[in-house]
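Worksheet for the structure shown next.
The values are calculated or read from the model by the stated rules, or taken from the named source; none is laboratory data. No experiment lies behind these values; they were computed from the predicted model shown. No Cβ is skipped: glycine too gets one built from the backbone with ideal geometry, and neighbour counts run over all protein chains shown. Heavy atoms of the whole protein, side chains included, go into the accessibility calculation; ligands, DNA and RNA do not. Shrake-Rupley method; radii C 1.70, N 1.55, O 1.52, S 1.80 Å.
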Amino acid sequence: MKVTTANYGDAIVVRAAGRIDQSSAGEFQKKLTDLVDMAIGSEKQIVVDLSKVDYISSVGLRALMVANKQAKPKGVTIRIASMQEVVREVFSISHFDKVFPTFEEMPKALQAVSALAAAAYTDED
Amino acid sequence: MRIRFWGTRGSIPTSMNADHLRDKIGAAVRAVIEAGGDPDAALDALPFHMRGTYGGESSCVQIETDGPEYIICDMGSGARRLALNALGKHGPGAPQVYNIFQSHVHWDHIMGFPFFIPAFIPGNVIRIHGCHDELEMAFRRQQDNPSFPVPFEFLGATIEFVKLEPEQTYQVGGLTVTPFRQLHAGDSYGYRFEKGGKVAVYSTDSEHKLEDQEETDYFVRHFRDADAVGFDTMYSLADATSLKEDWGHSSNMVAVELCQMAAVKTLCMFHHEPVYSDAQIDQVLAETRRFEEISRGDGLPLHVVASYDGLEIEL
């Protein structure tokens with residue numbers, strides 16, 4: 001699994017790739033919680049781009065939940081974007097789609113953050 | 001070896017009210033009329049939540065072997081029907097040995113004992129096994145005034161309490177039994193039962209934190225190659241890791257993952273959320289089976305069933 005980040009206006013985008021399971025969830029969680037700290041300090045929001053993630057297990061979902069518990073009380077929303085069909089099914093079965101705002105495409109997720117974030121994404125992509 | 005589920009509901013017994021039952025009958029009648037043909041065949045073809053019910057008794061599971069002694073997990077409200085069945089089978093004049101294994105002593109897991117008729121009958125032997133120091137106290141206390149009118153001393157059977165140690169192996173009623181510790185308020189214990197190459201595991205009221213590999217390996221070791229595992233699937237994963245974290249229960253997804261890792265043959269979803277209707281449990285079962293397909297990888301298929309009061313599984 002690989003994790004990269006990018007900034008678009010007041011949005012921090014986290015791009016994961018590969019499988020998020022027992023072997024990679026620890027690294028994913030550490031990256032997420034570090035970024036939540038950064039988002040809290042800079043008054044930014046987080047969008048997790050899962051378009052390159054083939055599968056996410058319960059341990060991977062837990063990493064998202066741990067980050068969400070850290071973020072939500074501080075006013076940071078974690079949004080999920082561009083899930084593959086299998087990952088979308090796992091979100092539905094786990095009811096994580098009731099906890100996290102989910103978006104079919106990145107532009108819509110960034111629009112939900114702010115016009116500034118959406119514009120920055122359009123300019124770059 | 002055969003597993004008989006007498007109580008499968010979590011936390012508190014439930015029942016349908018008149019409106020629920022009318023809705024169920026109405027839906028079934030309409031579907032049978034619409035199907036036409038043989039009404040019995042049409043009824044049998046309906047989804048389980050339309051033609052049956054998961055029931056509402058709290059935890060009680062029997063493990064039957066060809067041996068003469070009873071093996072029972074937990075004394076939830078389902079124990080009442082188990083007792084009636086035993087008396088119907090043997091009659092009150094034929095003393096039996098009942099070996100009971102307690103996951104823990106929370107109320108929904110002991111509330112059937114005051115109505116467990118064999119306890120009233122001299123000649124019966126009832127051995128209540130468990131790992132908790134409070135085992136005997138909990139059973140005696142619920143029969144004390146003002147909770148119940150029949151004090152423990154009035155019970156006619158010979159009743160013994162047997163303290164077990166987790167991770168130790170015991171021979172009871174012709175089975176090899178190994179208790180193992182689980183995460184729950186005040187602790188709970190699962191049990192691995194083995195006989196003649198068959199393995200059944202009872203693992204309820206157990207939260208899985210998913211925090212480290214060691215915790216996962218511990219349960220995989222106790223579930224390893226089991227023919228059937230009864231597993232606490234009370235909550236969704238989202239609830240189990242957020243609103244209901246530290247409530248001591250687990251999810252369908254963790255159940256599937258642990259059973260797959262342990263090469264279990266059949267997962268029996270157990271300790272159903274009491275607010276769930278039959279249709280909701282059917283929905284959770286369908287989602288759990290789909291998750292099993294998604295997460296299977298190169299492993300063998302895991303058979304998934306939702307246990308219900310009255311279900312029997314032959315291993």
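Structure summary
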item	result
Residue in segment B:58-79 that is of a type in the set (A, V, I, L, M, F, W, C) and closer than 21 Å to residue B:278 by Cα present	yes
Subset of segment B:270-293 [closer than 21 Å to residue B:206 by Cα and among the hydrophobic types (A, V, I, L, M, F, W, C)]	B:270, B:275, B:281, B:284, B:285, B:291
Residue match in segment B:145-154 (condition: open to solvent by less than 10 Å² (accessible area, probe 1.4 Å) and modelled with pLDDT of 95 or more)	no
Residue tally, condition open to solvent by 70 Å² or more (accessible area, probe 1.4 Å), farther than 18 Å from residue B:132 by Cα and of a type in the set (A, V, I, L, M), over segment B:164-184	0
Check on residue B:187, over 29 Å from residue B:312 (Cβ atoms) and either of a type in the set (S, T, N, Q) or open to solvent by 10 Å² or more (accessible area, probe 1.4 Å) (or both)	yes
Selection from segment B:93-117 of residues that are open to solvent by less than 10 Å² (accessible area, probe 1.4 Å) and in contact with a Leu (Cβ under 7 Å, 6 or more places away or on another chain)	B:102
Qualifying residue in segment B:255-262 (condition: under 24 Å from residue B:186 (Cα atoms) and touching a residue at least 40 places away in the same chain (Cβ under 8 Å))	yes
Qualifying residue in segment B:42-60 (condition: of a type in the set (Asp, Glu) and exposed (fewer than 15 other Cβ atoms within 10 Å of the Cβ))	yes
Subset of segment B:217-260 [under 23 Å from residue B:176 (Cα atoms) and either within 10 Å of chain A (Cβ to nearest Cβ) or not hydrophobic (A, V, I, L, M, F, W, C) (or both)]	B:217, B:218, B:221, B:222, B:224, B:225, B:227, B:230, B:232, B:258
Residues (part of a helix (DSSP H, G or I) and open to solvent by less than 20 Å² (accessible area, probe 1.4 Å)) located in segment B:226-284	B:237, B:238, B:240, B:252, B:253, B:254, B:255, B:256, B:258, B:259, B:278, B:281
The listed residue being open to solvent by less than 10 Å² (accessible area, probe 1.4 Å) and away from chain B (no Cβ under 13 Å), out of A:47, A:3, A:90	A:47
Pick from segment A:19-44, criterion farther than 16 Å from residue A:4 by Cα and not in a helix (DSSP H, G or I), ranking: nearest to the other protein chains (Cβ to nearest Cβ)	A:22
Any strands (runs of 3 or more DSSP E) falling wholly within segment B:116-190 and containing at least 2 residues that are in contact with a strand residue (DSSP E or B) (Cβ under 9 Å, 6 or more places away or on another chain) and among the β-branched types (Val, Ile, Thr)	B:125-130, B:158-163, B:175-182
Subset tally (residues that are under 24 Å from residue A:23 (Cα atoms), surrounded by fewer than 19 Cβ atoms within 10 Å (Cβ to Cβ) and more than 9 Å from chain A (Cβ to nearest Cβ)) for segment B:193-211	0
Contacts under 8 angstrom Cβ, first residue in segment A:21-49 being without any contact (Cβ under 8 Å) to a residue 40 or more places away in the chain, partner surrounded by fewer than 18 Cβ atoms within 10 Å (Cβ to Cβ) and of a type in the set (Asp, Glu), 6 or more apart	A:43/A:10; A:44/A:10
Residues of segment A:54-78 satisfying the condition of being under 11 Å from the mean Cα position of the chain (by Cα), among the polar types (S, T, N, Q) and facing another protein chain (nearest Cβ under 10 Å)	A:68
Some residue of segment B:293-308 being closer than 20 Å to residue B:53 by Cα, assigned to a loop (DSSP other than H, G, I, E, B), open to solvent by 30 Å² or more (accessible area, probe 1.4 Å) and away from every other protein chain (no Cβ under 14 Å)	yes
